[in-house]
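To start, the structure itself, in structure tokens.
The values are calculated or read from the model by the stated rules, or taken from the named source; none is laboratory data. What you are looking at is a predicted structure, and each value in this text was computed from that prediction instead of being measured. Don't worry about glycine lacking a Cβ; one is built from the backbone with ideal geometry, like all the others, and counts go over all protein chains shown. Ligands, DNA and RNA are excluded from the accessible area calculation, which covers all protein heavy atoms including side chains. Shrake-Rupley method; radii C 1.70, N 1.55, O 1.52, S 1.80 Å.
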Amino acid sequence: MPEAKIKVENITKIFGKQPGQGVKLLNKGKSKQEILEDTGLTVGVNKASFEVFPGEIFVIMGLSGSGKSTLVRLLNRLIEPTDGKVFIDGEEVTKMKGDQLREVRRKKLSMVFQKFALFPHRTVVENAEYGLEIQGVDKNERRNKAITSLELVGLRGYENSYPGELSGGMQQRVGLARALANDPDILLMDEAFSALDPLIRKDMQDELLELQESMEKTIVFITHDLDEALRIGDRIALMKDGSIVQVGTPEEIMMNPANDYVERFVEDVDLSKVLTASHVMKRAETVRLDRGPRVALQLMKDEGISSVYIVDKKKQLLGAVHADDVGKAIENNRTLEEIMIRDLPTVTPETLLNDMYEKMAASSLPLPVVDESNRLKGIIVKGAVIGALAGNENELNIKEVKQ
Amino acid sequence: MRLFPKIPLADWVDNFVSVLTERLEGFFDGVSSIIGWFVESIVNILSLVPSLVLIGIFVIIAWWTSRWGVALFTALGLLLIHNLGYWPETIDTLALVLTSVIISIIVGVPFGIWASQNETVKNIITPVLDFMQTMPAFVYLIPAILFFGIGVVPGIIASVIFAMPPTIRLTNLGIRQVPKDLIEASNAFGATTSQKLYKVELPLAMPTIMAGINQSIMLALSMVVIASLVGAPGLGADVYRAVTQIKVGVGFEAGLAIVILAIMLDRISQNIGRSKAD
Ligand SMILES: Nc1ncnc2c1ncn2[C@@H]1O[C@H](COP(=O)(O)OP(=O)(O)O)[C@@H](O)[C@H]1O
Ligand SMILES: [Mg+2]
């Protein structure tokens, strides 16, 4: 297990006049609702603890008012915690004085906001260079970095526009470029895509994932939308009434909801947009091309199957053969190479179930799953897909996914 | 019929003022000579320029900051004043107003900023500003004379006291109205208080601050007649003389000149604020 990038211990925020009293009540096990009724204090975040690892997209999800925005602001102390600790790279942020805290905000953490929070009096490039300007980076250098960062989010040519002249999606790209220009280790994104309309939102999610491939930031991403959480999260923390009720990978959350609350959250989700080929694939029976038709036929007999996949020495997929064809080939003295079916439709381990229906329908054989160098990883059998979509956990390879 | 003897409030104030005058004589003399020098310089510079050239400059400023309508009004208005023979007085008045407004800005904007950053300061300043504006402007003339004698300086001091409140108020308001999420964004990137002020709060508050300055200009203009009571020269003095000598015609001419000046300054300063906002 790598060292945690962000470590949060029992972080608590109580809004109101005498927050200390609220902490005592929380310790006595009172609920958010009871504390509000008894004292008028609002529990924003209730003893949240979690760790975020380097390079991870950690999603914090929950309904409106569950404390997500408060929690993410406790990480960079835009909101002062009432209790608890936050560590970044092992340093305790909650103990830092003004200068130290500012340094952490300048160098390590950048934030992207729900309503963009762009400076309307500054041009796009002036917005993007704001963080560097604050750090006193000289004009040429910060301009260049800001422009690079704008190019990264696809805003080349808009440097001298004002934010007000751009569409919502483009404005949020500026917000992202502004956050990236500092080259921070950590991105805090508070419902960064929630204000965008669905199509643009999906584009932005894809682009974020694509960017993440090359930048490998540690991202804390807030959302109230489970689909979004499942799409982009490596791990998801579910919040309710200020508390974290479950932390886990998307599969864990979907398949083992910790309680009724999570279950209700999860029940409407379309599994076919969450599960991938790697979750449902089975082991493929293979024969090396040079072994010949007799070996292939014997294998099919032993395993009781009607077809087998042909691979080369490197386990790269070459094709497949049917038992009937192999029988004839043996009679006619022909090789596997001559009779095998080539150009099989394939999917990758990351392909969503939702995206493989067409290929499944078009093929009489189970769909082979291959990696980027065409090595056969497994096959997709229709029954397993249907079982998984019906919520049958036995059809899932959760352990294999986590390795 | 008195239950208590009269409280000697007037005596206390007299005493307070005379103590102040004695103790701070040097300070008041210093301030007085700086302000005096400043007004005089403005008058000298404006008088140095041939009057028609100066009118041309004002027209260009009006045209530059505002629409051509304002420029046309400025041209016709100033030419009329010139024609009526009130040009030197107009320059005196302009210098008086400009000086008052510049002092209002130099003192008022920092106070407004301070009040915007600090709740206690705001709570102290607000009633003081209410007091400054509701007190009849006339009353300021008395301490002004005591501390600064007779002439243009006490006139300016009284004008400043009367004209400064909107600048303070609207600077405070403008900064407080900057959207919270922008302040948050600025903090999130690690801005210091002064970086936040100069890079985010003041630029975004500028239109509101300019509206405050515009009001201050108008209030300073409204003080020119009162300032003339303590010996400040200019159009106000003409109006005052016309009133005391019941010369309706002269009073009308000088009054008209003040109105023309007022409209011109109002439009120009309003539009400076607006063009900055875009
Ligand atoms: N500044 C504040 N003062 C008082 N209560 C607040 C404040 N900010 C948030 N809250 C309360 O804290 C809870 C969590 O809010 P928030 O973190 O904004 O939730 P979310 O982002 O999940 O919608 C809510 O009950 C909200 O009313
Ligand atoms: Mg929120």
Report summary line: residue A:36 vs (1) away from every other protein chain (no Cβ under 14 Å); (2) outside any helix (DSSP H, G or I); (3) within 10 Å of ligand 1 (Cβ to nearest atom): all pass except (2)
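Using the structure shown, decide if residue A:229 is in the same structural domain as residue A:264 (by TED's automatic domain parsing), within 15 Å of the chain's Cα centre (by Cα) and in a helix (DSSP H, G or I).
On the way: in the same structural domain as residue A:264 (by TED's automatic domain parsing): yes; within 15 Å of the chain's Cα centre (by Cα): yes; in a helix (DSSP H, G or I): yes.
When the stated conditions are applied, residue A:229 passes them.
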Report summary line: The correct count of residues that are in a helix (DSSP H, G or I), touching a residue at least 40 places away in the same chain (Cβ under 8 Å) and open to solvent by 10 Å² or more (accessible area, probe 1.4 Å) in the stretch B:71-90 is 5
Report summary line: Listed by range, helices (runs of 4 or more DSSP H) wholly within the stretch B:161-254 having at least 1 residues that are within 14 Å of chain A (Cβ to nearest Cβ) are B:180-188, B:193-196, B:202-222
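Return yes or no: is residue A:39 hydroxyl-bearing (Ser, Thr, Tyr) and over 19 Å from residue A:188 (Cβ atoms)? First the steps, then the outcome.
Details: hydroxyl-bearing (Ser, Thr, Tyr): yes; over 19 Å from residue A:188 (Cβ atoms): yes.
Spelling it out, residue A:39 is indeed hydroxyl-bearing (Ser, Thr, Tyr) and over 19 Å from residue A:188 (Cβ atoms).
Looking at residue B:94, is it farther than 27 Å from residue B:168 by Cβ and in contact with a helix residue (DSSP H, G or I) (Cβ under 9 Å, 6 or more places away or on another chain)? First the steps, then the outcome.
Numbers: farther than 27 Å from residue B:168 by Cβ: no; in contact with a helix residue (DSSP H, G or I) (Cβ under 9 Å, 6 or more places away or on another chain): yes.
In short, no.
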Query - Enumeration of residues in the stretch A:74-123 that are more than 13 Å from every other protein chain (Cβ to nearest Cβ), outside any helix (DSSP H, G or I) and not hydroxyl-bearing (Ser, Thr, Tyr) - result: A:81, A:83, A:84, A:85, A:86, A:87, A:88, A:89, A:90, A:91, A:92, A:97
Report summary line: When the stretch A:166-201 is checked residue by residue, the ones that are within 16 Å of ligand 1 (Cβ to nearest atom), at pLDDT below 90 and open to solvent by less than 10 Å² (accessible area, probe 1.4 Å) are none
**Report entry** One residue from A:46, A:10 being open to solvent by 30 Å² or more (accessible area, probe 1.4 Å), away from chain B (no Cβ under 14 Å) and within 16 Å of ligand 1 (Cβ to nearest atom)
**Finding:** A:46
Query raised in the report: Counting only residues that are free of Cβ contacts under 8 Å to residues at least 60 places away in the same chain and closer than 25 Å to residue A:42 by Cβ, how many does the stretch A:209-250 have?
Result: 2
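Of the residues A:29, A:22, which is under 15 Å from residue A:243 (Cα atoms) and touching a residue at least 60 places away in the same chain (Cβ under 8 Å)? Spell out the reasoning first.
Working: A:29 fails: touching a residue at least 60 places away in the same chain (Cβ under 8 Å).
Unique residue meeting the criteria: A:22.
Sort out which residues of the stretch A:317-363 are part of a loop (DSSP other than H, G, I, E, B), more than 30 Å from residue A:270 (Cβ to Cβ) and open to solvent by 30 Å² or more (accessible area, probe 1.4 Å), and write them in order of number. Walk me through it before giving the result.
As a first pass, look at the stretch A:317-363 and keep what is part of a loop (DSSP other than H, G, I, E, B): A:333-335, A:340, A:342-346, A:348-351, A:356, A:363.
With the extra rule that they be more than 30 Å from residue A:270 (Cβ to Cβ), the set shrinks to A:333-335, A:340, A:342-343.
If the condition is that a residue be part of a loop (DSSP other than H, G, I, E, B), more than 30 Å from residue A:270 (Cβ to Cβ) and open to solvent by 30 Å² or more (accessible area, probe 1.4 Å), then A:333, A:334, A:335, A:342, A:343 are the ones that fit.
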Query raised in the report: If we keep just the residues of the stretch A:285-311 that are of a type outside the set (A, V, I, L, M), open to solvent by less than 60 Å² (accessible area, probe 1.4 Å) and not in a strand (DSSP E or B), which is nearest to residue A:344 (Cα to Cα)?
Result: A:285
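Report whether or not residue B:139 is within 14 Å of chain A (Cβ to nearest Cβ) and either modelled with pLDDT under 90 or in a loop (DSSP other than H, G, I, E, B) (or both). Break it down into steps so the answer makes sense when it comes.
Details: within 14 Å of chain A (Cβ to nearest Cβ): no; either modelled with pLDDT under 90 or in a loop (DSSP other than H, G, I, E, B) (or both): yes.
Considered against the rule, which asks whether it is within 14 Å of chain A (Cβ to nearest Cβ) and either modelled with pLDDT under 90 or in a loop (DSSP other than H, G, I, E, B) (or both), residue B:139 comes out as no.
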Query raised in the report: Among (1) within 14 Å of ligand 1 (Cβ to nearest atom); (2) of a type outside the set (S, T, N, Q); (3) part of a loop (DSSP other than H, G, I, E, B); (4) within 27 Å of the chain's Cα centre (by Cα), which single condition is residue A:54 missing?
Result: (1)
Query - Scope the stretch A:59-73; condition more than 14 Å from every other protein chain (Cβ to nearest Cβ) and either more than 9 Å from ligand 2 (Cβ to nearest atom) or under 18 Å from residue A:247 (Cα atoms) (or both); matching residues - result: A:59, A:60, A:61, A:62, A:63, A:66, A:67, A:68, A:71
Query raised in the report: Somewhere in the stretch B:263-277, is a residue within 14 Å of chain A (Cβ to nearest Cβ) and of a type in the set (A, V, I, L, M, F, W, C)?
Result: yes
Query - Members of the stretch A:263-284 that are in a helix (DSSP H, G or I) and farther than 25 Å from residue A:374 by Cβ - result: A:263, A:264, A:265, A:266, A:267, A:271, A:272, A:273
Report summary line: How many residues of the stretch B:31-70 are part of a helix (DSSP H, G or I) and open to solvent by 80 Å² or more (accessible area, probe 1.4 Å)? The answer is 11
Report task. Kindly provide the set of residues from the stretch A:209-235 that are away from ligand 1 (no atom under 16 Å from the Cβ) and either among the hydroxyl-bearing types (Ser, Thr, Tyr) or farther than 23 Å from residue A:271 by Cβ (or both), ordered by number. Result -> A:210, A:211, A:212, A:213, A:214, A:215, A:216, A:217, A:218, A:219
Report task. Take the residues in the stretch A:85-106 that are farther than 14 Å from residue B:186 by Cα and of a type in the set (Lys, Arg), then tell me which one is surrounded by the most Cβ atoms within 10 Å (Cβ to Cβ). Result -> A:85
